[in-house]
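Asker: Following this message is one structure expressed as structure tokens.
The values are calculated or read from the model by the stated rules, or taken from the named source; none is laboratory data. As the structure is a computational prediction, the values presented were derived from the model and not from experiment. FYI the Cβ positions are ideal-geometry reconstructions off the backbone, even for glycines, and counts take in every protein chain you see. Keep in mind that these areas ignore ligands, DNA and RNA; they rest on the heavy atoms of the full protein, side chains included. Shrake-Rupley method; radii C 1.70, N 1.55, O 1.52, S 1.80 Å.
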Amino acid sequence: MTTPMPAEISHRSKEPTVVEIDGFRGRLISANHADYDSARAVWNGAIDRRPHLIARCIGTADVIAAVRFARDRDLEIAIRGGGHNVAGTAVCDGGVVIDLSAMRGVRVDPTARRTWVQAGALWGDVDHETQAHGLATTGGIVSHTGVAGLTLGGGVGWLMRKHGLTVDNLLAVDVVTADGELLRASRDEHPDLFWALQGGGGNFGVVTSFEFRLHPIGPTVLAGPILWDATDAGEVLRFYRDFIRDAPDELGTVVRFGAAPPLPVIPEDLHWRPVVMVGTCYAGPIEDGERLLRPLRTSRTPLIDLVGPAPYVGFQSALDSTVVHGWNYYWKSTHLPELRDDLIGVIAEHAFSCASPRSYAAMFHLKGAVSRVAEGGTAFGNRQASHAITLDAVWRSGEDFGDRDTAWTRGFFTALGSFRQGVYVNFLGGDEDPDRVREAYGDSVYDRLVDVKTKYDPDNVFHHNQNIRPDAGTRMSGASRARRH
Ligand SMILES: Cc1cc2nc3c(=O)[nH]c(=O)nc-3n(C[C@H](O)[C@H](O)[C@H](O)COP(=O)(O)OP(=O)(O)OC[C@H]3O[C@@H](n4cnc5c(N)ncnc54)[C@H](O)[C@@H]3O)c2cc1C
């Protein structure tokens, strides 16, 4: 679709472009602005898009003004929270980016165990404020990931088996709809919209603020990775499978396959050595965690065992430097069932054959509280899966690993073939078949999402995302007809 470009935001002009949006107080950044290139860059350096205008909002009134401005001119809208999505949906070619990155406020009520978070906040912002009171909610495992996109897709993290997904802890949101109207959605207010926002992504409006439930965590927790040589992957995974089967909900684990990153905690002689790394975080008393984890830590002799008491807030940023802004990324992902021997064989065969030392696969253990919410209880699908795995090609500019490791992720994904069981919508890449969005939800949740989409955004104004299309047959303008087909 070619988006019409209104004269007042033309970037072909040699003169500084005068852009005004009625009632907008934040910054408007167009192509001739000194900050344009940094403002349009997202986490994934492989994404290179040129919006007509970036509307960096400083409040909800700005969001309303920007939505109305874009709609009145039939401009495409992209929504930017933390800018982390691998598919780069936070930025569009042409159109208007509604950029929330200046809205990072976090307020905590320690007594009520609640936090209110503006939609441009990153998980590091939330953990910093909530851990000052020994509280936390389930967030992502990298602190520079945005709260908004992660939450709206579901939210998996170290605490999910004990406290549920991020959306299971969501109590209410403020959301600007496609008509530029501000609504509050919760279980009691617009409950259909609230349900859809608990996993349905950025399809239903621009969320400006989230309210979450908090839980006592740490501030010191038992956490850290255990590393084994890649050649031991099969045996380690068989032990791991049996170990986690009856593990208490307090134990969160993520298995990372790839070269050992040069983190300060990892001795230099292990840097870049292919390893299977089981990351652990125990959300309970440290001595209970020590007792529980002993068999895993002593099964086969690890190369190194880095599990120990650690500040939760520090642990939440331990992986930040392994996934740097501006590197190039290509992901494929799927949910998986319990690790049968034949599945372990496929993983062990493919996980280490990438070319880039920065490429890796990461497998999150689900179950626990995630699977105790009924399917359809929120819009997050496939709650009974055991694991979510992402296969992540990573290369820096100038390196020639891109094609080879993109082929590696695709080959690995194909090899997982019959084991695949749905997918987490936030791990979908930018070149997926649209059917994979349905796969992320399952038929009945997807169909319900279509109903909510048709009610709140019948023209598919918010379509620059993992799109849920409104039902055909409702009213459509010419431009929106183009968006639907
Ligand atoms: C290195 C890395 C680690 C990750 N780790 C985890 C993890 O541990 N757990 C996990 O669950 N996920 C994880 N993810 C995936 C993450 O959930 C998604 O990338 C998510 O989209 C990031 O949110 P964001 O706000 O930064 O995204 P953005 O790129 O800013 O936005 C992505 C999309 O979300 C929607 N969106 C964003 N903000 C809003 C808003 N305010 N209102 C409405 N829609 C909005 C829009 O559709 C937008 O296109 C990780 C991703 C990366 C790259």
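Asker: Run down LEU159, LEU171 and say which single residue is open to solvent by less than 30 Å² (accessible area, probe 1.4 Å) and closer than 19 Å to ALA369 by Cα.
Answerer: After applying the criteria, what remains is LEU159.
Asker: Could you tell me how many of the residues in region 187-208 are more than 13 Å from the ligand (Cβ to nearest atom), open to solvent by less than 10 Å² (accessible area, probe 1.4 Å) and farther than 10 Å from VAL175 by Cα?
Answerer: The qualifying residues number 0.
Asker: Right, another one. Given region 288-407, what strands (runs of 3 or more DSSP E) lie entirely inside it while holding 3 or more residues that are buried (at least 17 other Cβ atoms within 10 Å of the Cβ) and in contact (Cβ under 8 Å) with a residue 60 or more places away in the chain?
Answerer: Here the list reads 328-336, 360-365, 387-395.
Asker: Okay, moving on. Condition test on TRP116, is it among the aromatic types (Phe, Trp, Tyr) and near the ligand (Cβ under 10 Å from one of its atoms)?
Answerer: no
Asker: Can you tell me which of THR111, THR151, THR130, THR138 is out of contact with any Asp or Glu (no Cβ under 9 Å at 6 or more places or on another chain) and either within 6 Å of the ligand (Cβ to nearest atom) or assigned to a loop (DSSP other than H, G, I, E, B) (or both)?
Answerer: THR111
Asker: Sticking with this structure for a sec: Suppose we filter ASP99, ASP62, ASP74 for residues that are buried (at least 20 other Cβ atoms within 10 Å of the Cβ) and in contact (Cβ under 8 Å) with a residue 60 or more places away in the chain; which single one remains?
Answerer: Answer to the selection: ASP99.
Asker: So the check is Cβ under 6 Å with 6+ separation or different chains; which pairs have a first residue in region 128-152 that's under 9 Å from THR166 (Cα atoms) and a second one that's within 14 Å of the ligand (Cβ to nearest atom) and among the hydroxyl-bearing types (Ser, Thr, Tyr)?
Answerer: These pairs meet every condition: THR138/THR166; THR151/THR166.
Asker: What is the one condition in (1) buried (at least 24 other Cβ atoms within 10 Å of the Cβ); (2) touching a Leu at 6+ places or on another chain (Cβ under 6 Å); (3) among the hydrophobic types (A, V, I, L, M, F, W, C) that LEU222 does not satisfy?
Answerer: The failed condition is (2).
Asker: Oh, and also: Evaluate the following for ASP232: is it crowded, with 18+ Cβ neighbours inside 10 Å and among the charged types (D, E, K, R)?
Answerer: yes
Asker: Moving on. On the given criteria, is VAL86 closer than 17 Å to ASP22 by Cβ and within 14 Å of the ligand (Cβ to nearest atom)?
Answerer: No.
Asker: Continuing with the same structure: For ARG80, are the conditions met, namely being more than 11 Å from the ligand (Cβ to nearest atom), touching a residue at least 12 places away in the same chain (Cβ under 8 Å) and of a type in the set (Lys, Arg)?
Answerer: Here the answer is no, as ARG80 does not meet what is asked.
Asker: Hey, another quick one. Being more than 13 Å from GLY202 (Cα to Cα) and of a type in the set (Val, Ile, Thr) is the filter here; which residues of region 451-468 pass it?
Answerer: Result: THR454, single match.
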